[in-house]
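Comments concern the structure below.
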Amino acid sequence: MFAEWLFYAMAASTVFVYRRKSPDATRPYRVWGYPVLPAIFVGSAAAVLVSSYAGNLKGSLLGTALILSGLPVMWLIRRRRTAR
């Protein structure tokens, strides 16, 4: 559950990132209740993550470590692609 809610929060927060980066871009889909509803969702997801850490610290830290262990692999793959 920890990893799911982490990625839900990250996905929902991209609405704010893309609106800031490309404010004049055409939007085929408008987010209902923007910016309040997505902000409430991201805040709620953050609360679930904090609760997950508080309730199961060992499992949450293990999940965090597992997710972060993918970063070196991603960096190696990107380095190989840019070297071509």
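So the values come out like this:
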{"item": "Label point distance in nm, A83-R20, each placed 7 Å from Cα along Cα→Cβ", "result": "3.4"}
{"item": "Trypsin sites (Lys or Arg not before Pro) restricted to DSSP loop in segment 1-55 with at most 11 other C-beta within 10 Å", "result": "R30"}
{"item": "Residue-normalised accessible area of the chain, expressed per residue, 1.4 Å probe, Å²", "result": "83"}
{"item": "Residues listed by number, segment 1-40, amide nitrogen under 11 Å from A46 label point at 7 Å toward C-beta", "result": "39-40"}
{"item": "Dipole axis of the chain (+1 Lys, Arg; -1 Asp, Glu on Cβ), positive-most option in M1, Y29, L57", "result": "Y29"}
{"item": "Reciprocal mean inverse distance between Cα atoms of the chain - Kirkwood radius, Å", "result": "15.2"}
{"item": "The chain: DSSP helices with Cα axial extent of at least 18 Å and average Kyte-Doolittle hydropathy no lower than -1.0", "result": "2-21, 36-55, 70-83"}
{"item": "Sulfur and carbon atoms: percent of accessible area, the chain [1.4 Å]", "result": "67"}
{"item": "Choice from Y53, Y29, Y18 showing the highest fluctuation, given a GNM over the chain with Cα pairs closer than 10 Å", "result": "Y29"}
{"item": "Segment F7-N56, length gained on full extension (0.36 nm per residue, minus Cα span)", "result": "15.8 nm"}
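The values are calculated or read from the model by the stated rules, or taken from the named source; none is laboratory data. Since the model is a prediction, treat every value here as computed from it, not as a measurement. For neighbour counting, all protein chains shown are included, and Cβ atoms are generated from backbone atoms with ideal geometry for every residue, glycine included. Side chains are part of the model used for accessible areas, which takes the heavy atoms of the whole protein and leaves out ligands, DNA and RNA. Shrake-Rupley method; radii C 1.70, N 1.55, O 1.52, S 1.80 Å.
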